[in-house]
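The values are calculated or read from the model by the stated rules, or taken from the named source; none is laboratory data. No experiment lies behind these values; they were computed from the predicted model shown. Each accessible area value is taken on the protein alone, full model and side chains, heavy atoms only, with ligands, DNA and RNA left out. Shrake-Rupley method; radii C 1.70, N 1.55, O 1.52, S 1.80 Å.
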Amino acid sequence: MSGDQKVLLKGHASQYVKLNVGGRLYYTTIGTLTKHNDTMLSAMFSGRMEVLTDSEGWILIDRCGNHFGIILNFLRDGSVPLPETNKEIAELLAEAKYYCITELAMSCERALYTHQEPKPICRIPLITSQKEEQLLISSSSKPAVILVVQRQNNKYSYTSTSDDNLLKNIELFDKLSLRFNERILFIKDVIGPSEICCWSFYGHGKKVAEVCCTSIVYATDRKHTKVEFPEARIYEETLQVLLYENRNAPDQELLQATSSVRAGGVSGASMHQYTSDEEEERTGLARLRSNKRNNPT
């Protein structure tokens with residue numbers, strides 16, 4: 001604007017100055033602005049730096065003026081009540097850092113740390129409709145694992161171990177979601193059309209595998225529902241779906257190398273190979289990498 005000019009401001013500590021901070025007007029003394037020697041405001045108003053003034057004598061400071069009143073009160077008293085919300089404290093922190101007011105900045109940082117709410121390690125969506133499920137899968141950059149679990153869908157009595165196996169499937173889902181939540185989107189479905197317990201695995205928005213854990217068995221007088229717990233196969237499919245982490249199509253050689261692994265994981269004979277969760281994950285991934293190294297493209 002015409003009339004704006006830069007000047008070196010020298011005056012007595014009791015001299016009042018007019019400040020225009022981002023459109024907010026303040027009136028204070030040079031003594032207040034220079035009370036703390038190691039701040040930018042002290043340098044600006046001690047005569048060591050030029051300040052910009054308009055035609056009416058207002059000193060222009062190109063910063064947000066919302067919290068400048070708190071800045072002035074801190075310079076006057078050495079302490080000040082902080083804003084109530086984290087957003088306002090963060091805004092004040094930015095201004096304190098700009099003006100090099102170290103003590104005020106440290107107070108803001110401590111307040112933000114104290115007020116910081118702990119973030120959950122893992123969030124599991126519980127879907128309310130099939131449309132919502134498809135939207136979650138298509139919009140996520142991660143592969144997805146969905147567990148459908150609905151005990152009320154059953155119209156026959158359960159076999160003796162079915163209740164325990166149903167709980168084991170749910171526990172395994174919780175365990176896998178905690179371990180792989182940063183790499184895989186886990187979804188729980190309790191409104192599925194007919195499944196009692198079924199795992200689905202998605203890569204790049206498409207279903208790539210399914211493990212159904214229920215079947216009907218026939219007794220002499222009636223039918224029973226049997227719930228199984230194919231732990232090894234579920235682990236294998238989870239490791240397999242990790243190949244879809246990247247948006248590029250998964251390597252065909254790796255898919256071929258794991259096809260025999262998945263087939264072996266279904267049979268009861270292979271169940272003894274999985275002595276722990278960590279060993280299963282380690283050996284499965286090691287097998288994929290070994291095949292990749294031995295058959296380079």
Counting only heavy atoms of the protein chains, get the accessible area per residue of segment 126-251 (1.4 Å probe) and round it to a whole Å² value. 51
Distribution of pairwise C-alpha distances over segment 5-115, 10 Å bins, in %: 14, 48, 29, 9, 1
Along principal axes, Cα extents of segment 1-64, largest first, whole Å: 32, 22, 19
Extension gain LYS119-VAL217, at 0.36 nm per residue separation less the Cα-Cα distance, in nm? 30.8 nm
Please report the spacing between the Cα centers of segment 150-172 and segment 195-209 in Å, no decimals. 19
Hey, how many Å between the Cα centroid of segment 1-31 and the Cα centroid of segment 75-90? 23
Residue by residue through segment 20-35, the couplings from Karplus 6.51 cos²θ - 1.76 cosθ + 1.60 with θ = phi - 60°, in Hz, x for Gly and Pro, are 10, 9, x, x, 9, 9, 9, 9, 8, 9, 5, x, 5, 5, 10, 5
Please list log₁₀ I(q)/I(0) at q = 0.21, 0.27, 0.28 Å⁻¹ for segment 72-117, using the Debye equation with identical point scatterers on the alpha-carbon positions. -0.63, -1.01, -1.07
With all protein chains present, calculate the accessible area of LYS142 using a 1.4 Å probe and round the result to the nearest 10 Å². 80
Among bridges DSSP assigns within segment 126-251, what percent are antiparallel (round to 5)? 70
With every protein chain kept in place and a 1.4 Å probe, the residues TYR158, TYR98, TYR235 fall, from largest accessible area down, as TYR98, TYR158, TYR235
